[in-house]
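*Asks:* Have a look at the structure that comes next, please.
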Amino acid sequence: MSELQFYNRLLVVWFILALVVFFALLRWPAPYGRHSRAGWGPSVGTRTGWVVMEAPAVLWFLFWYLLGVGPNGVVPTVFFVMWEAHYVQRAFVYPFTLQSAQRRIPVVVVTMAVVFNTVNGYINGRFLFTFAPSYEAAWLADPRFVSGFALFVVGYIVNRRSDWLLRRRRLQNAGQYCRIDDGIFKYICCPNYLGEILIWSGWAVATWSLAGLSFAAWTIANLVPRARAHLHWCREYWSDYPEDRKAVIPGVW
């Protein structure tokens, strides 16, 4: 079997697994953060866990970039910068903004995230930098790239802004759980998740690839169930939590 044949079969399996994970997480939220629960074995500090599980996304994508077209490809380099702009922040900045270094995350969750980021980095990086038909510089003016890139940027801003507002409010509340009732938080409880969904949906459009679409599918499979679990938790934690507030899509879900 050639690597390209292996890649294509892996991609099919990857889409199927995303669907399985979506339904599994609707019933059993991943056991970290406010949904932590006993019975998941050894754990590590949340900051350490975040760095370990997100760093592979940075490093593997860099590896596939250097192994493939490298800096000789203008469009692939733009894709490389887009990806790393998100994941460098996610792996090496975000963990150190967490207020509580004492919180724990199960090793099994960290391990699953490492596996996901390794496979996802291979699927996206290997396609963009090796298997994809050549992206000419004109692709940067193509409506698919322009609209996808715009969606990516909007999602990035929504994600970063939401994380910043939540972090500021938690600092004001001495690290306790808090809620925000203005801005986009009036309509959904997890705008940071909405931002991430927009990021990778934009990525799927900008790359116009099944590889990119698989990442968008996995993002939805992971974050929509978690946002719904957050909404349920908020309604139990605060008796006056607005009934019309949705989880992640304003007015819809």
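*Asks:* Quick one: GLY183 ticks every box in (1) at positive phi; (2) surrounded by 15 or more Cβ atoms within 10 Å (Cβ to Cβ) bar one, so which box is it?
*Replies:* Answer for GLY183: the failing condition is (2).
*Asks:* Report, by residue number, each residue of segment 18-43 that is crowded, with 17+ Cβ neighbours inside 10 Å and aliphatic (A, V, I, L, M).
*Replies:* Within segment 18-43, ALA18, VAL21, LEU25, ALA30 qualify.
*Asks:* Does segment 113-129 contain at least one residue that is within 29 Å of PHE63 (Cβ to Cβ) and of a type in the set (Lys, Arg)?
*Replies:* For segment 113-129, residues within 29 Å of PHE63 (Cβ to Cβ) and of a type in the set (Lys, Arg): present.
*Asks:* Pairs only if they're at least six apart or on different chains, beta carbon under 9 angstrom, first in segment 113-136 and more than 21 Å from ALA18 (Cα to Cα), second assigned to a helix (DSSP H, G or I) and among the small types (Gly, Ala, Ser); list them, first residue then second.
*Replies:* PHE129/GLY70; PHE131/ALA211; ALA132/ALA211
*Asks:* Counting only residues that are under 21 Å from PHE15 (Cβ atoms) and either polar (S, T, N, Q) or assigned to a helix (DSSP H, G or I) (or both), how many does segment 130-150 have?
*Replies:* The qualifying residues number 4.
*Asks:* Here's something else I'd like to know. May I ask you to verify whether LEU198 is at pLDDT 95 or above, in a helix (DSSP H, G or I), crowded, with 19+ Cβ neighbours inside 10 Å and touching a strand residue (DSSP E or B) at 6+ places or on another chain (Cβ under 8 Å)?
*Replies:* Criteria not met by LEU198.
*Asks:* With the structure loaded, tell me whether GLU236 is part of a helix (DSSP H, G or I) and free of Cβ contacts under 8 Å to residues at least 24 places away in the same chain or whether it fails that test.
*Replies:* Yes.
*Asks:* May I pose another question? With respect to SER162, is the statement that it is of a type in the set (S, T, N, Q) and touching a Pro at 6+ places or on another chain (Cβ under 6 Å) true?
*Replies:* Here the answer is yes, as SER162 does meet what is asked.
*Asks:* Oh, and also: Looking only at segment 123-161, filter to residues that are surrounded by fewer than 18 Cβ atoms within 10 Å (Cβ to Cβ) and within 19 Å of the chain's Cα centre (by Cα); which one of those is nearest to ARG47 (Cα to Cα)?
*Replies:* ARG160
The values are calculated or read from the model by the stated rules, or taken from the named source; none is laboratory data. Being a predicted model, the structure only gives us computed values, none of them experimental. Cβ coordinates were reconstructed from backbone atoms using ideal geometry, including for glycine residues, and neighbour counts include every protein chain displayed.
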